[in-house]
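Below is one structure; the comments refer to it alone.
The values are calculated or read from the model by the stated rules, or taken from the named source; none is laboratory data. Quick caveat: nothing in here was measured; it's all calculated off a predicted structure. Cβ placement follows ideal geometry from the backbone for every residue including glycine, while neighbour counts extend to all protein chains displayed. Each accessible area value is taken on the protein alone, full model and side chains, heavy atoms only, with ligands, DNA and RNA left out. Shrake-Rupley method; radii C 1.70, N 1.55, O 1.52, S 1.80 Å.
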Amino acid sequence: MTGTIPVADTDIAVIGAGCRFPDAWTPADFWRNVDGGVVSMRPLPEERLRAAGVTERERREPGFVSVGTV
């Protein structure tokens, strides 16, 4: 067969991929947000941090950043 690509026993094929991005349902949405400078980080409420197990002491640390994707 001409024009075929040799295949090894260790080759794999990626049939599909799943993505999860803040403020974007698809990879195209994600790249549109990146191109448009969309900031998808949000301040995390104290109650959410507590529910995640972040202690009051940890939240008061100078380097603690209470933002994330929601």
Long-range amide H partners of G68 with built H, under 5 Å: R42, L44
Gain in span if fully extended, V39 to D11, counting 0.36 nm per residue against the direct Cα distance: 6.3 nm
Sequence-separation-based contact order of the chain, relative, with Cα cut under 8 Å and 6+ spacing, percent: 26 percent
Nearest-ten-degree value, helix 27-36 long axis tilted from longest Cα axis of the chain: 60 degrees
Coil-residue chymotrypsin sites (Phe, Trp or Tyr not before Pro) of the chain, DSSP, other Cβ within 10 Å capped at 14: W25, F64
Phi-based couplings in Hz for the stretch 52-61 (Karplus 6.51, -1.76, 1.60; Gly and Pro marked x): 7, x, 7, 6, 4, 4, 4, 5, 8, 4
Local electrostatic count at T69 - Lys and Arg +1, Asp and Glu -1, tallied over other residues with Cβ under 11 Å: +1
Separation of the R20 and T4 label points, Cα + 7 Å toward Cβ, nm: 4.1 nm
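In the chain, what percent of the accessible surface is made up of carbon and sulfur (1.4 Å probe, ligands and nucleic acids excluded)?
Values: 3700 of 6390 Å².
C and S fraction of accessible area: 58 percent.
Express the accessible area of the chain per residue in Å², computed with a 1.4 Å probe while the remaining protein chains stay in the model.
For the chain, the solvent-accessible area averages 91 Å² per residue.
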Where labels lie 7 Å past Cα in the beta-carbon direction, separation of D29 and E61 in nm: 3.3 nm
